[in-house]
Every structure is written in structure tokens, then in C-alpha cells.
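Q: Mind having a look at this structure? Questions to follow.
Bear in mind that the values in this text are calculations on the coordinates, not laboratory data. Values in this document were obtained by computation on a predicted structure and should not be read as measured data. Glycine gets a Cβ as well: all are built from the backbone with ideal geometry, and neighbour counts include every protein chain shown.
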Amino acid sequence: MKLDNIYQEEKKSNFAKVSEIIITMASRPSGFIGLSILIFHVILAFISPYIAPYDFKAINPTLMLQAPSAEYWFGTDDLGRDVFTRTILGGRTALTITFFGSLIALLWGGLLGIFCGLVGGKTDDIVMRIVDAFLSIPWILAMLLIVSLLGTSTEVLIPALGFFYGKGIVRVARAATHDVIAKDFIISARARGHSNISIIWHEIIPNVRDAILVEGAMRWSWMLLGFSSLSFLGFGVSPPTPDWGLMISNARGLMSFAYWSVIAPIVGLSSLIIGINLTADAFAKALGIDRSTKAPV
Amino acid sequence: MTEIIQKVKNLSIGFKSKKGEEILILRNISTNIKKGETVGIVGESGSGKSTLALAMMGYVKHGLYTIGGECEFNSSNLLKMKNRDLEKIRGRKIAMIPQNAGQALTPNLKIGYQIDEALQLHSDLKEEEREQKISELLNKVRLPSPETIALRYPHELSGGQQQRVAVAMALAGTPDLLLLDEPTTGLDVTTQAHVLELLNFIAKDTGTSMVYVSHDLGAIAQVSDRIIVMYSGEIVLEGPSRDILKKPIHPYTYGLLKSIPKLSLAGLPQSMPGSQPQPGTMHRGCSFFDRCDFSDEKCKSNSPQLEYLEELNTSVRCFNHKSLINDSKVNQTVNKIKTSLKDKEILNISEVSISYAKQNLLDQVLNRISDDNPTVKDININIKKGETIALVGESGSGKSTILKSIAGLLRTKGGVIKFDQKRNLSSDLKERDPNDLRIIQLIFQNPDESLNPNHTVEEIIAQPLKLYFGLKGEELKKNIKELLQKVRLGEFYMSRYPRQLSGGEKQRVAVARAFAAKPDIILCDEVTSALDVSVQAAVLNLLQQLKEDFGTTYIFVSHDLAVVRAISDRVAVLYQGRLCEVGPSKDVYQFPSHPYTEVLLGAVLEPDPDIKPKLVAEDIVEEKPPQKGCSFQGRCSRILGDICKNEIPPWQITNSGNSIRCHIPLKELQKDQIN
């Protein structure tokens, strides 16, 4: 039959699906730019320890606040450390901590949201009111409290950030679940007698996965900004670890005569955030989700 | 010769595919709309009928563009006009009535205000004159007490009333041409008949030309003078409506008419094989070639042209229409349904009532539902093994609610549902054991929603097999293949996603999933209403075949009385959640006794211009069942008086085993049938 010709699209492997999405993303100018920036940063984070020209913690009082030169590309800071070295290394910690942080946020926020959306009723009411209560607490205050109680180690920062950024995902996941929950295939699964876990796993997750992933990607960029703010305030990673937030905080008083010591980390941080944002948008468009019509929660 | 008001010339509309190919939605359409005539455009979904109607008011949907041709109105081409000029024509000269008036009316503005807006835009009347005009218009569309209606919001009106308001708004600009896009599709049968009658009246009264787009040949037959039949973007047949409906000379129309179930004929209509080609897949030959019973070699490689037959005043696109002229009288042959009724009762529903009322705190604690006027009440039906029983009624009659309760999706307030005389099914899902759930399976109305879009057909059918029988690996695959074969789908469908299937194929997958559980009872909730007519017949035939093979019992819910007539052994007529009449289909359909059954059957539209619907009762919509007395008292034309208002009518049983719930004595009820 002729009809069969256009329906030749067979089940694709996961690899084929992912590469198709990436190609679609890169085919848009904004997606291409975002992806390139993000990939550039990720690669840099991996190779920076091997290509860094100087030791990031080598203090040299004779070289304080040198302007950019052939020797020190981005100049030196107030302790005579090479700004280029510190900038390319500065993204590593932030990228790692926030990546795993968003993963945790996605996991607990997504699953709790889906669960609440599915069971509804009193459980949903109670859980959502608790989430609302947490949403009303300024995250930075809560983070400061946690960090001052438990310290600034990675083991504390990742779950703490993951927790505070997951709250919003709960709502998105719950809303996305509500969209599919009324569909007949869920009712059909219920009528057959599938368990809640089976319904979540087989029926709901494949349908809300995209929305949650996009939300997670957006949260990643927000978390990056949040993490850098913590460092800026002195509650992120501790010196002398190179970190953009910390570098900006240290050098901001010298901005008027040593602009180079603050410009490099600012460009690093903002380009990464823009890169992730553009990528997340392109990702959403490639999946067919239009973020512009949906208000972020 | 009458004046031509709209001339469509060689119109082609299409879009560019990802590969840059031009894909045509409309192919070379030419037709004329004369002054004062009503033209019905009929076709299945995807035939391009809506695109054509929209083009007639100079609108091309986003993403589509005009490839060639023109739509001439008052000797100017609408498709080349600037938006500013089009604004002057739309509403004033050409008005549109949308399918869903409920969505087309602004929800937060009063009816009167919305009509006033239309008048301000499209007429030069002064304020006082406009006010008068509003009630005039509302009067014209026969809305009761126009003054009060004008002050209401759209949500305070019923679907039929909303549609009437839409008609009134369209008439505000006294247009020369009225485009109606499926204006009665979402309405109940009785309301639909009333709206169509109104449209007929308006066409005659105002002399407005109408273009009526619908997939429903029944509705088209009632209103149109001329019919255009569309198939995959082309006009395949165009001519006077009576000739086309009585003697269709195109094989597609012929097949279409044969596949529509009729009230007067029990048994399943014959189906047309296959489905309409997707846009862009047609390259050579006649677009209907694959499905045609009359095709030959010539049709395969040559596309027929639209040929005008002077003696019939008809244009037809077929090489072999001559062979159809002689034997094209629609002699419908039906596949008689076989029922192997066993005397064993499989499901007893007694005194069941269901309530949607919200429980207050005390009730929640005591785990009870207190509602003295529940949505569904006093349902008593005993269903025999192997029979097909249909629940019919308008929207809000509680037919789907009863299905949900049987499936366990909804708690019953009172009464007992018993399976096989012993197993109690009155509880909801959580309290039923897996085997109780397995014996009852559901098939839903819309396969787009009932199949998970992210699962392949294999995964969809595997679910019940895994859940109930724990099948794995090769055995699972084997079972899936067998099931697909049973619903007449090839093995290669296993790896496809629902979006890659046509509507009929999707519904077949849903049927296969239901049968995978080896159920005793299958609940069919409007299973064919989302499907095209030609596909509907095929699905009905499939369901019947499977029933004969497996001895399954069907509980069939539908608002389409002709479909119910075709497939059911017994019918239960519901009104406002109360039973009116239960009996063998042939008796209920031949001798409708209960006043409501009469109303319902009278309003059914047949694809035959000679059979007019009988409009017995008013098409009021009641929000709630009455507190006491007969449920139908509000609309009954034969109301006896206080007895109907205060006492619940008794069951009366006729000789043929038909139970009727009415105060009017049986003799009197039956007497009228003879007259």
C-alpha cells in the first residue's frame, strides 16, 4: 500500500534519537552558539589542569597587578597570581558542583512532582504546601545557614543546592503530570490495575521527561549563578581554590585600576550562563516545547 | 440564470515539506456558489474541506500558502487582497459560523455585548437601533426571551443555545455568504436537528447563500441543495444533493453511503477497505484507486479529470462512472449480526446509583456518600453472556458514568454490581483483585488519547499480557503477533508509534489491547465517534467478528443511534441518569414507545433528503435530574400532569419483552405507533 511509504520511520535507537536532537539544536543560530559555548566550557574544564601555564596558587609579591602582557595574558591579581590560569581553572568547581546539584534537583523534584500529580488528594495537598513553604524562604539565607553549620565542602554544597533548586521542579513536574494524567491511557492503565509505580515508570515518565529535562537545564544555569553568588559572599568554595565568584569578589575593589583581574572571571561566568540558557532553549525547541508560552515557576 | 457570488478557480493550496517538496492540500479546485443556494461540502477528515471553506473567506491557515488559482468574490480575488480590504468583507459580506460556539464566544462578555460588537463593526446602525436589532436577531434564531439571553454570559447557555448565538452574530452583518464549519458536530442529536431546521429556515428567509462543511452526510442531506464531495484534496463529485445521495455515480460516494449505518436497517454496514492517502503520497493515478471496487488498469496510472455530465447536472471525477450510473442505486447490504446468546447472566446491575457530589468532612470520616438526588439512580440491567447491550442517551444522561462504575473507576453510591452471579464488583479499583480487573476491559472513544504516544504498538499490547499473564520474551512476542493478526494489522506494526498510524489503525490497536486480557466483558465508550464513516464501519465489523470468535459481552455506549442499531442486541435508553426504556433493539427502534425514545429517534438524521427529522420536544437542556417524579417530565410533550411530577413511573413490560418506564398506559403508548 502506498500509505506505508511515508510511515517508514521505524523505532530508533536511543543514540539515534539523541544525535537527532543535537543536530536539530545546532541547526538554529542561537542553539549553535549556545552549544558551542557550553561545549567550549566543558572541554576547558576537562583540559585546563593540563594546559594551565602557571600554578594557580603561586603567590608572587613582585608581580602584583600586572597588566595583560605576552607573558601573563590576562594580567595578574593582587597577590601576583596569573589571572588566565585562575580563570580557566575557575569554571571547574562551579561546573561540577552545579551539574551534580541539578541532577539531584531533577531527580527528587521530578519524582516527587510526578508522584504528587498522580496520587492527588490529601497527600498532594500536604506535600505541595510544604514545598510552597520552602519556596517562600529566600534560598540564599537558607544556604548561608546550612553552609555556616555544615561547612563549604562539596559534599554539603551539592545536596544543599540540589534541594533548594529542586523545589521549583516539583511544581513543573506536577503540572506536566496533570497534563497527561487525565488522558485515557492513564485511566486505561488504572482500570487494568497497574500499580502506581508502574504507571509512573511506563506511562507518565516518557511523557513528562522532556518538560522536566528542559526545566532541569534551566535550573542548571540558575544554580550556577546562585553558586557563584555564594562564593562571591565567601560561602562557596574556600580560597585559594580558583573560582569565578571568589575572584570577582576579591578583585572588585581594584576594578578602577586593575580591570583585567575582574573582567576575565565575569566573562567566563556570564558566557557559561548564557551558553547554558541558549542550549536549554534550543533543547526545548528541538523537543517541541515552547518555553515562551510557559511562565517559569 | 442565478447570480454567482463566489467563484473558485483552479485553487491549489499546500505547504512545503522539510525536504522542500510542495505538498498539496487542495488540488485544482473549481466551483461556483450561486446566490441563495446551500452547498454542502462533505469529506472525511483530511480531505481539505475546511481549508476550502476558509479559502472562500480569503483565509489560508498558518503554514499553508496559495500555490495557484483564485477565490473570486464580487469579482475580486480574496486570496490576493490586503488584510484591510478583507476586513470589510469578512462579517459584512461573508460570515463564518465555527464548529464550537462555546469556544468561539468570549467567555467574559455578555451575549448582547458580543452581538453589539458585531453590529458596530458590520452595520451603520445607531445605538438605539442596534439594541432593537439585537433582540430581533436573537428572536430570529429562536432563542427564548431575547432580552434576558442578551444579559447572560456564554457559559450560562447550553451548547445548542451557544450555537444559535453564533448564528445570530454571523447574521449581524447581513452577509451574502455564510460559511458553516461543522456547526452541529458537537451537539446532541435533538439539538442538532433543531439547529439544522433553524439554518434551513434562515436560508429560505434571508436568501443567504450557505456553504455547509461537514463529515456527516445526514446533516448535509437535510440542508443542502448541492453537494460537493471531496477526497484527498480534490472534488470527486459535485451535483444536486438528491441525485448524489440517491444515485451516487462516484465509487467513493457510493462506498461512503453504503458504510453509513441506517436506523431502518439492523446489521453492520459494509466497510470500505484502506484509508485516504496522506497529502504528498499521491503521485500518479486516481487518488481513490487503492480503495475502489470499480478500478481498472487505466485508473492506476492516469488521473481522471472532473467531467461534467449535462444530463445529470453533475461533475464527476472517475473513468468508470458510466458503469455506476446503471447499478448505483444504493442497495445497502448489511452483514447480519449473529448472536449466540446464552441464558447465563454475566453481569447483574441492580439498584445502582452513582453520585458526583463532593463529600463533606463527616461523610469522609464515615466513608459514605450522602446525596439524595444522585447523577445516576435506580439502574437495573441484567446482561446475558454474549450479548451486546447499548446504553444510549444525550450528553449528561449518565451512560459513561455507568461504564466507569462497572470498570471500577468510580465508586457507586448504592446498589450492587455482580459478575457471574457471585462476584461482587460494587467496589472500586483498589478493592478489586487482579482477576476482577482482567475480566472487564475498556475501549475508549479517542485512540489518540488512549494510547501512550511514547510507546510502540508492541509495548502497548504487551502491557496487559505482562500484567495479567506474566508473559515474557518469545511467548510475549508470539501473543502480540497473534493479537495484531486478529485485529487485521500486520506484524510490521509492532515497532510503530501511535502517531504513525491512522485513526482506524489506532483504534484497532486499542481493541487488540483490550482483547489481550482475555476479558469476559468489554466496555466500549463511543468507540467509533472519533473515526471517519468508512473506518467506523470497518471497526464495527471487526468488533462483531471478535465477539463471535471469543464470545465476549459488549456494553456499548454511544450517542449515535444508527451505530447502536447496527451492532446491538439490546438497548437501554437513559435520560438524566435514569432508565427510560430497555428492550431488544429491533423493538425499540421499530416501535419506540417511551416519549423520550420517540424524541431521540425522531431527531436522527439520515443521509436521505426525503427523511426529515421529527422534532417532537423542545431542545432544552436540563442541568439536573428532577428531585421527584419522572426524569423526563421537563421535556415530555405527553405529560399527564401531577402524577408525572410527583411519582416515579412504574416499569411496564410489553409482550416483546420491552420494559418501559412511563405513567402513560401501555396501550396508549403503543397505539400511537400504529398511527
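Q: To the nearest 20 debye, what charge dipole does the protein assembly as shown have about its Cα centre, counting +1 at the Cβ of each Lys and Arg and -1 at the Cβ of each Asp and Glu?
A: 1260
Q: So for region B:450-605: antiparallel DSSP bridges make up what percent, rounded to the nearest 5?
A: Close to 55 percent.
Q: Below 8 Å between Cα atoms, with a sequence gap of 6+, how large is the relative contact order for chain B in percent?
A: This gives 13 percent for chain B.
Q: Among the aspartates and glutamates, select those whose C-alpha is under 19 Å from the C-alpha of B:LYS624, and discard any that sit fewer than 8 residues away in the same chain.
A: List returned: B:GLU156, B:ASP188, B:ASP371, B:ASP372, B:ASP378, B:GLU394, B:GLU647.
Q: On to the next question. Each residue of region B:236-246 in turn: what ³J(HN,Hα) in whole Hz from Karplus with 6.51, -1.76, 1.60 and θ = phi - 60°, glycine and Pro shown as x?
A: After applying 6.51 cos²θ - 1.76 cosθ + 1.60, I find 9, 7, 8, x, x, 5, 4, 4, 5, 6, 8 Hz.
Q: Which of the helices in chain A, when you take each full DSSP H run, stretch at least 27 Å along the axis at their Cα atoms and have an average Kyte-Doolittle score of -0.5 or higher?
A: Going by DSSP H runs, the hits are A:29-51, A:83-119, A:154-181, A:205-232, A:260-287.
Q: For B:LYS614 and B:GLU117 in one chain, what is 0.36 nm times their gap in residues minus the Cα-Cα distance, to one decimal in nm?
A: 175.3 nm
Q: Something else now. Averaged across B:434-440, how many Cβ atoms of other chains sit within 10 Å of each residue's Cβ atom?
A: That average works out to 2.
Q: Now for a different question. From the phi angles alone, apply the Karplus equation (6.51, -1.76, 1.60; θ = phi - 60°) to region B:263-273 and give each ³J(HN,Hα) in whole Hz, x where the residue is Gly or Pro.
A: 5, 7, 10, 7, x, 8, x, 7, 9, 8, x
Q: Per the Cauchy relation, a quarter of the hull surface: what is the mean projected area of the convex hull of the alpha carbons in region B:588-675, in nm²?
A: That works out to 6.6 nm².
Q: Let me ask something additional. Consider a paramagnetic label point 7 Å from the Cα of B:GLN132 along Cα→Cβ; state which residues of region B:150-170 have an amide N under 20 Å from it.
A: Within reach of a label on B:GLN132, which here means backbone N under 20 Å from a point 7 Å along Cα→Cβ, region B:150-170 contributes B:150-151, B:169.
Q: Here's another thing I want to ask about it. Neighbouring Cβ atoms within 10 Å as the yardstick, rank A:ARG219, B:ARG152, B:ARG226 fewest first.
A: Neighbour counts put them in this order, fewest first: B:ARG152, B:ARG226, A:ARG219.
Q: Determine the percent antiparallel among the DSSP beta bridges restricted to chain B, to the nearest 5.
A: 60
Q: Could you list A:TRP244, A:TRP139, A:TRP201, A:TRP108 so that the one with the fewest beta carbons within 10 Å of its beta carbon is first and the one with the most is last?
A: The order, fewest Cβ neighbours first, is A:TRP201, A:TRP108, A:TRP139, A:TRP244.
Q: Right, next: So what J values fall out for region B:70-86 if you push phi through Karplus, 6.51 cos²θ - 1.76 cosθ + 1.60 with θ = phi - 60°, rounded to Hz, Gly and Pro as x?
A: Running phi through 6.51 cos²θ - 1.76 cosθ + 1.60 with θ = phi - 60° gives 8, 10, 9, 10, 6, 6, 10, 7, 4, 6, 10, 6, 6, 4, 5, 6, 5 Hz.
Q: Wrap a convex hull around the Cα atoms of region B:349-478, take a quarter of its surface area, and give that in square nanometres.
A: 10.7
Q: Which value in deg cm²/dmol, rounded to the nearest 500, describes the helix-derived mean residue ellipticity at 222 nm for chain B, given -39,500 (n - 2.57) per DSSP H run of n ≥ 4 and division by the residue count?
A: -9500 deg cm²/dmol, from helical runs alone.
Q: What percentage of all Cα-Cα pairs in region B:519-675 are separated by more than 27 Å?
A: For region B:519-675, the share of Cα pairs beyond 27 Å comes to 30 percent.
Q: Count, for each residue of B:441-450, the Cβ atoms from other chains sitting within 10 Å of its Cβ, then give me the mean as a whole number.
A: Going residue by residue through B:441-450 and averaging, the value is 4.
Q: What ranking, highest mean first, results for peptides B:507-520, B:73-86 when packing means the other Cβ atoms within 10 Å averaged over each residue?
A: Peptide ranking by packing, descending: B:507-520, B:73-86.
Q: For the cross-link pairs B:LYS19/B:LYS472; B:LYS80/B:LYS300; A:LYS183/B:LYS110; A:LYS17/B:LYS481, which exceed 31 Å when the distance is taken from alpha carbon to alpha carbon?
A: B:LYS19/B:LYS472; B:LYS80/B:LYS300; A:LYS183/B:LYS110
Q: Still on this structure: Please state, rounded to one decimal and in Å, the Kirkwood hydrodynamic radius that region B:242-335 gives when every pair of distinct Cα atoms enters the mean of 1/r.
A: Kirkwood radius, region B:242-335: 14.3 Å.
Q: May I pose another question? Hey, how much of the P(r) for the protein assembly as shown falls beyond 39 Å, as a percent of Cα pairs?
A: Considering the protein assembly as shown, 56 percent of its Cα-Cα pairs are separated by more than 39 Å.
Q: At a 10 Å Cβ-Cβ cut-off, how would you order B:HIS594, A:HIS178, B:HIS194, fewest neighbours first?
A: By the 10 Å Cβ count, ascending: A:HIS178, B:HIS194, B:HIS594.
Q: Also, quick follow-up: Using amide H atoms built in the peptide plane, which far-off residues or other-chain residues are under 5 Å from B:SER30 H to H?
A: Those lying under 5 Å, H to H, from B:SER30 are B:ASN10, B:LEU11.
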